[in-house]
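Every read-out reported here was derived from the displayed coordinates using simple, explicitly stated rules and does not represent laboratory data. Keep in mind it's a predicted model, so treat the numbers as computed, not measured. Here the Cβ is made from the backbone with ideal geometry for all residues, glycine too, and neighbour counts use every protein chain on show.
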Amino acid sequence: MKSKAQPFLRELETALGECPNKQEIIDEYQIHVEQLITELEQKGIIADLKLQLVERLGSPKDIAAIWWKELGITPQKIQWLFVMMNFCMFIGGGMLTVVYNKMNWRWVEFMWDRLVNIPFLIIMIYLIFWVLLGYEVGKEFGPRGSKLLKKTFSYSIVPNIVLMNLTVFKLIPYEWFQPFLTIPFILVCILLTGFFYPVCCIGYHYGKKISV
């Protein structure tokens, strides 16, 4: 079995060159290659094994190119990308609220009037953000991304927790946020906050499946 996998793995080793995670990558793909060869032999496909491997896994050069590209995508970059995205959404919403209540700008009033009519659509779109967070971590880091997902989620959820407490304890001017801050809408937001992490995990598991 190992002898049949070696030609493909040697090419992959050469293509990876001085990649820092070279041995880890080789070990990981050795498992996939050997499993695939076993599967093909069980189906009676014994000719052109290399061609079959390339069709299923990609050529060694393509695999190496993907891993070299991944070196530029660090856990810190992914983490702070989503933390800052969520933070910016809250800052943007806060600025829009202040401008709407303090300035008589027609385009802001137009935007506000449209947004207050689609609160639950906004929530659904926001859920996509959390799915995307999990998906990107799963796609880029696979099984290794579990701890990163938890850490990124913990940092990203901070603005939500702060706003939730400010709202529940009435530390923000309620009249500024009307008609958003209705009791049903607040309850839905609180309930959905508890579902954000499971939603992240769904995205993570889907991204992990296509990471190989």
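According to the square roots a ≥ b ≥ c of the eigenvalues of the Cα gyration tensor, what is the shape class of the range 12-109, taking rounded for a/c under 1.5, prolate for a/b larger than b/c otherwise, and oblate for the remainder?
Prolate is the answer for the range 12-109, as a/c is 1.5 or above and a/b outweighs b/c.
Mean projection of the alpha-carbon convex hull of the chain over all orientations, in nm²?
The number I arrive at for the chain is 15.6 nm².
Can you classify the range 47-169 as rounded, prolate or oblate using the Cα gyration tensor, where a ≥ b ≥ c are the square roots of its eigenvalues, rounded means a/c under 1.5, and otherwise it's prolate if a/b beats b/c and oblate if not?
Numbers: a/c = 3.23, a/b = 2.43, b/c = 1.33.
Here the range 47-169 falls in the prolate category.
To the nearest 10 degrees, how steeply does helix 146-156 sit against the main Cα axis of the chain, on a 0 to 90 scale?
Long axis of 146-156 versus the principal axis of the chain: about 20 degrees.
Rounded to the nearest Å, what's the spacing between the alpha carbon centres of the range 133-211 and the range 78-100? Just the number, please.
13
Specify the residue with the greatest mean-square fluctuation among Ile183, Ile157, Ile123, computed from a Gaussian network of the chain linking alpha-carbon atoms under 10 Å apart.
Ile183
What are the residues whose amide H is under 5 Å from the amide H of Gly58, where those residues sit 5 or more places off or on another chain and H is modelled from the backbone?
Amide H neighbours of Gly58: none.
Out of Met164, Met95, Met84, any idea which swings most in a Gaussian network model of the chain, alpha carbons joined below 10 Å?
Met95
Which value in deg cm²/dmol, rounded to the nearest 500, describes the helix-derived mean residue ellipticity at 222 nm for the chain, given -39,500 (n - 2.57) per DSSP H run of n ≥ 4 and division by the residue count?
-25500 deg cm²/dmol
Once phi is turned into ³J(HN,Hα) by the Karplus curve 6.51 cos²θ - 1.76 cosθ + 1.60 with θ = phi - 60°, what whole-Hz value does each residue of the range 110-120 show in order, with x for glycine and proline?
For the range 110-120, the Karplus-derived couplings read 4, 5, 4, 4, 6, 5, 5, 8, 10, x, 7 Hz, x marking Gly and Pro.
Using a 10 Å Cβ count of at most 16 others and DSSP loop calls, identify the longest part of the chain lacking such trypsin sites (Lys or Arg not before Pro).
Between the exposed loop sites, the longest stretch runs 44-169.
From the backbone phi of the range 163-170, what are the Karplus-calculated ³J(HN,Hα) couplings (6.51 cos²θ - 1.76 cosθ + 1.60, θ = phi - 60°) in whole Hz, Gly and Pro given as x?
Residue by residue, the range 163-170 yields 5, 4, 5, 4, 6, 4, 8, 6 Hz.
In degrees between 0 and 90, to the nearest 10, how far off the longest principal axis of the chain does helix 2-16 point, with axes built from Cα atoms?
50
With 22 Å as the limit, write out which pairs from Lys61/Lys150; Lys43/Lys209; Lys147/Lys208 have Cα-Cα distances beyond it, or answer none. Before the final figure, lay out each step's value.
Numbers: Lys61/Lys150 33 Å; Lys43/Lys209 24 Å; Lys147/Lys208 13 Å.
Those over the limit are Lys61/Lys150; Lys43/Lys209.
Counting only other residues whose beta carbon sits under 13 Å from that of Tyr135, what net charge do I get with K and R as +1, D and E as -1?
Computed value for this residue: +1.
In whole Hz, with x marking every Gly and Pro, tabulate ³J(HN,Hα) for the range 171-178 from phi via Karplus 6.51 cos²θ - 1.76 cosθ + 1.60, θ = phi - 60°.
Here the 3J(HN,Hα) series is 9, 10, x, 4, 4, 5, 9, 5 Hz.
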